[in-house]
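Taking it in order: structure first as structure tokens, then the write-up.
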Amino acid sequence: MPQQRIRVLIAKPGLDGHDRGAKIIARALRDAGMEVIYTGLRQTPEMIASAAVQEDVDVIGLSILSGAHNTICPQLMTLLKQKGMDDVTVLVGGIIPGADIPALKQAGIAEIFLPGTSTQDIVEFINKKHANS
Amino acid sequence: MTDHKKTSAPTLPEKSPTRRSPSPEEKSWEQNTLAPVLDKSPERQREFTTISGHPIRRLYSQADLPDWDPKTQLGYPGEPPYTRGIHSTMHRGRLWTMRQFAGFGAAEDTNQRFRYLLSQGQTGLSTAFDLPTLMGYDSDHALSEGEVGKCGVAISSLADMEVLFDQIPLANVTTSMTINSPAAVIWAMYLAVAEKQGADWKKISGTLQNDILKEYIAQKEYIYPPEPSMRLVIDTFEFAVKETPKFNPISVSGYHIREAGSTAIQELAFTLRDGLEYIEYALRRGMNLDELGPQLSFFFNAHSDFFEEIAKYRAARRIWHKAMIERYGSKNPRTWALRFHTQTAGCSLTAQQPYNNVVRTALQALSAVLGGTQSLHTNSLDEAWALPTEFAATIALRTQQIIAHETGVSNTVDPLGGSYFVEALTNEVEAGAWDYIHKIDSMGGMVAAIERSYPQREIAEASYRYQMELDKKEKLMVGVNDFISEEKPLDILQIDETVAHRQAARLNKLRAERSQEAVTRSLAALRKAAQCKENLMPAIYAAVKAYATLGEICEALRQVFGSYEEVAIT
């Protein structure tokens, strides 16, 4: 039986337009055999949650460099819960000060990837997480 | 030579090394001295490339400059083709301007940082605005939530601008403002503060970034579609030529193109082609190039590959001079001479072992100085984490002061001129940039190329290729993919949400106290002007003076111009 490909939504929330990281991750995950949907720029948490439902994704990757993570992430997690998407794995990549990480994980972010992370590490994390699902 | 073969795809469309014609002495050296060594111990790598993937040969000699003519390609400083610099005495006459980019929180927070930096010997100001301001939203707009004062200072109206420059005499200080889509509005606010201080517009000087093309290409902070955006840019050009002859209405920027992951050649080519595009639009408006030319300025990145960067700055001056003469028949030497600001590469800073960033920044800054920069920003060691603390920003400024006053590198003009390697690399970088410029010409110009996503795609390719090189450890970043060690976290600058509350309170007060009727009238006049062809600066200035907010003014223009959405490339 052919294995279902892991579906990933890469999203760029907030007003920031620096999309180098988001684009690299989208391409690296695609090269690793995943189905990747990229939202484009300036997505509100509502838009991201709706896209996640519509595309029925397994993973959401948020790229945030602007310092707005403490506002955006909890909002998105609440919306996902409301839409019954509790099982989606939400990852954050970008500039996240160490002091903010515990609260983000508490809010349900599965992992936070800081600058300098190799794309293989992210691929491996997702593959491991979804190996049995 | 054995290492010409490439193992990975070359950076397109860069030229392969120029044909070499080694002298008999060099051939003898290769046979008698080099070959036995290579037989015994091969070199560290099969091929050596710059951080951009440009091939670098083992040794450069006269053989690498077969057709090189120092008279036409090197010249003398202050003379065409400006390879050696745009001034005859360069940094012996006057050091570059030490211009540290700063901005965070509300206007009063940044005002304090500005005054601190000036007190520490900084010689020019440079303003970073927060994302809502960059996108033309007031601090209390729904989309501003979580972003107020985070990446720069929050400026929503003339009232904020008055606080930002409180007790800073605009007649005596030069100010750079990193603002693009709403540049005309922010500039109008600056001019209003200058007027209020009694500073003569004819004498004030500074630079507005105002480079919308690189926003579509790289940084993506655009509001309107390209055509109305270009109109706004040309409106500021006309206004600047007439009203503020010492103010640069644009800083054509490669910095952000490079940060988005381009190669050095792409940065150079796309930036200069952007510059040509602005000139094309200005000429179509009926402007005179030799009146405008002296007010055009540029902004490059200082990345980590030392010699490639120096070659880039030298090639930039040569290309611009050639283009001004050959394309437009410019008669004004001040149009020919490319002036530029440099910032060290933010994307080269590592979150890991952040103190290493001081060293990276110093070396990058050195390349900018040796490349003949007119002004320089050095990044702070903590900027992979947050906006800099005062402590970190001070070290960054001190780095420039050490280069200027301790190293002796500015004691002579263009100390690397005549180096076989630097001259050959300058030639290669120039040739690679011209290839791109011609390609974009053939697409019908930069706006047309952007609409086809051409530069966006080239940059995305280069950025992905570099990431793969890092992942495979073909390129090393100290502390990131090698030489890894444990470290203690840094103390970083935190911007809390009280900034947003202060801003909201100030906006409420402003809206209650200003004449609503004057605001409504000025915004209606602006919309009307936008529907016609007239220059929008006077209408924007009037709205700013009536204390219409940035958000209100940008929204009025959005109603006429519409907004832009890109086709996302991944």
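The values are calculated or read from the model by the stated rules, or taken from the named source; none is laboratory data. Remember, it's a predicted structure, so these values are computed and weren't measured experimentally. Ideal geometry is used to build each Cβ from the backbone, glycine not excepted, and the neighbour counts take in all protein chains shown.
Sort out which residues of region B:377-433 are crowded, with 21+ Cβ neighbours inside 10 Å, among the hydroxyl-bearing types (Ser, Thr, Tyr) and in contact (Cβ under 8 Å) with a residue 24 or more places away in the chain, and write them in order of number. Answer for region B:377-433, where residues must be crowded, with 21+ Cβ neighbours inside 10 Å, among the hydroxyl-bearing types (Ser, Thr, Tyr) and in contact (Cβ under 8 Å) with a residue 24 or more places away in the chain: B:378, B:399, B:426.
Could you list all residues from region B:188-215 that are of a type in the set (Val, Ile, Thr), part of a loop (DSSP other than H, G, I, E, B) and in contact with a strand residue (DSSP E or B) (Cβ under 9 Å, 6 or more places away or on another chain)?
Restricting attention to region B:188-215, the residues satisfying the condition of being of a type in the set (Val, Ile, Thr) are B:193, B:204, B:207, B:212.
Filter again for part of a loop (DSSP other than H, G, I, E, B), leaving B:204, B:212.
Within region B:188-215, B:204 is the sole residue that qualifies.
Among the residues of region B:452-506, those identified as within 17 Å of residue B:219 (Cα to Cα), buried (at least 16 other Cβ atoms within 10 Å of the Cβ) and not β-branched (Val, Ile, Thr) are B:453, B:454, B:455, B:456, B:458, B:460, B:461, B:462, B:463, B:464.
Taking region B:338-372 as the range and being buried (at least 23 other Cβ atoms within 10 Å of the Cβ) and of a type in the set (Ser, Thr, Tyr) as the test, the residues that pass are B:342, B:344, B:361, B:367.
Quick check, is residue B:138 modelled with pLDDT of 95 or more, farther than 23 Å from residue B:217 by Cβ, part of a loop (DSSP other than H, G, I, E, B) and within 14 Å of chain A (Cβ to nearest Cβ)?
On the way: modelled with pLDDT of 95 or more: yes; farther than 23 Å from residue B:217 by Cβ: yes; part of a loop (DSSP other than H, G, I, E, B): yes; within 14 Å of chain A (Cβ to nearest Cβ): yes.
Yes, satisfied.
Of all residues in region B:51-93, those satisfying the criterion of being buried (at least 18 other Cβ atoms within 10 Å of the Cβ), among the β-branched types (Val, Ile, Thr) and closer than 15 Å to residue B:369 by Cα are B:83, B:86. Annotation note: of A:67, A:21, A:84, the sole residue that is out of contact with any helix residue (DSSP H, G or I) (no Cβ under 7 Å at 6 or more places or on another chain) and either surrounded by fewer than 23 Cβ atoms within 10 Å (Cβ to Cβ) or among the aromatic types (Phe, Trp, Tyr) (or both) is A:84. Cβ separations smaller than 8 Å between residues 6+ apart or across chains give the following pairs from region A:105-133 residues that are in contact (Cβ under 8 Å) with a residue 40 or more places away in the chain to residues that are aromatic (Phe, Trp, Tyr): A:122/A:113.
Screening region B:555-570 for residues that are closer than 16 Å to residue B:185 by Cβ and either under 24 Å from the mean Cα position of the chain (by Cα) or of a type in the set (D, E, K, R) (or both) and picking the one that is surrounded by the most Cβ atoms within 10 Å (Cβ to Cβ) gives B:555. For first residues located in region B:444-465 and within 14 Å of another protein chain (Cβ to nearest Cβ), partners that are surrounded by fewer than 16 Cβ atoms within 10 Å (Cβ to Cβ) and lie 6+ apart or on another chain with Cβ distances below 7 Å form the pairs B:453/B:567. Could you look through region A:111-133, keep only residues that are part of a loop (DSSP other than H, G, I, E, B) and among the hydrophobic types (A, V, I, L, M, F, W, C), and pick out the one that is farthest from the other protein chains (Cβ to nearest Cβ)? Once the filter is applied, the top-ranked residue is A:131.
Residues are listed down the side, and each one gets a yes or a no for (1) out of contact with any helix residue (DSSP H, G or I) (no Cβ under 6 Å at 6 or more places or on another chain); (2) part of a helix (DSSP H, G or I); (3) more than 18 Å from residue B:392 (Cα to Cα):
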{"site": "B:118", "(1), (2), (3)": "yes, yes, no"}
{"site": "B:125", "(1), (2), (3)": "no, no, no"}
{"site": "B:132", "(1), (2), (3)": "no, yes, yes"}
{"site": "B:143", "(1), (2), (3)": "yes, yes, yes"}
{"site": "B:148", "(1), (2), (3)": "no, no, yes"}
{"site": "B:156", "(1), (2), (3)": "no, no, yes"}
{"site": "B:161", "(1), (2), (3)": "no, yes, yes"}
{"site": "B:172", "(1), (2), (3)": "yes, no, yes"}
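Within region B:216-254, the set of residues being among the polar types (S, T, N, Q) and either in a helix (DSSP H, G or I) or modelled with pLDDT under 95 (or both) comprises B:219, B:229, B:236.
Considering only residues of region B:221-237 that are charged (D, E, K, R) and surrounded by fewer than 24 Cβ atoms within 10 Å (Cβ to Cβ), which is farthest from residue A:13 (Cα to Cα)?
Step one: list which residues in region B:221-237 are charged (D, E, K, R), which gives B:221, B:227, B:231, B:235.
Filter once more, keeping what is surrounded by fewer than 24 Cβ atoms within 10 Å (Cβ to Cβ): B:227, B:231, B:235.
On the way: B:227: 27, B:231: 29, B:235: 32 Å.
For region B:221-237, the residue satisfying everything is B:235.
Summed over region A:1-49, the residues that are without any contact (Cβ under 8 Å) to a residue 12 or more places away in the chain, away from every other protein chain (no Cβ under 14 Å) and within 30 Å of residue B:130 (Cα to Cα) give a count of 0.
Okay, residues lined up against (1) charged (D, E, K, R); (2) within 14 Å of another protein chain (Cβ to nearest Cβ); (3) free of Cβ contacts under 8 Å to residues at least 24 places away in the same chain:
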{"site": "B:147", "(1), (2), (3)": "yes, yes, yes"}
{"site": "B:162", "(1), (2), (3)": "yes, no, no"}
{"site": "B:227", "(1), (2), (3)": "yes, no, no"}
{"site": "B:240", "(1), (2), (3)": "no, no, no"}
{"site": "B:246", "(1), (2), (3)": "yes, no, no"}
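In region A:53-68, the residues that are closer than 14 Å to residue A:115 by Cβ form Cβ pairs under 8 Å with partners that are of a type in the set (Gly, Ala, Ser) and assigned to a strand (DSSP E or B), at six or more places apart or across chains, as follows: A:63/A:11; A:63/A:93; A:63/A:94; A:64/A:93; A:64/A:94; A:65/A:94. If you go through region B:36-50 and keep only what is surrounded by 12 or more Cβ atoms within 10 Å (Cβ to Cβ) and not polar (S, T, N, Q), you end up with B:38, B:43, B:47, B:48. Which members of region B:1-50 meet the condition of being modelled with pLDDT of 95 or more, of a type in the set (S, T, N, Q) and in a loop (DSSP other than H, G, I, E, B)? If the condition is that a residue be modelled with pLDDT of 95 or more, of a type in the set (S, T, N, Q) and in a loop (DSSP other than H, G, I, E, B), then B:23, B:41, B:50 are the ones that fit. Check whether at least one residue in region B:191-210 is within 12 Å of chain A (Cβ to nearest Cβ) and touching a residue at least 12 places away in the same chain (Cβ under 8 Å), and report yes or no. No; the residues of region B:191-210 include none that is within 12 Å of chain A (Cβ to nearest Cβ) and touching a residue at least 12 places away in the same chain (Cβ under 8 Å).
Got at least one residue in region A:96-107 being at pLDDT below 95, over 21 Å from residue B:351 (Cβ atoms) and within 13 Å of chain B (Cβ to nearest Cβ)? There is no residue in region A:96-107 that is at pLDDT below 95, over 21 Å from residue B:351 (Cβ atoms) and within 13 Å of chain B (Cβ to nearest Cβ).
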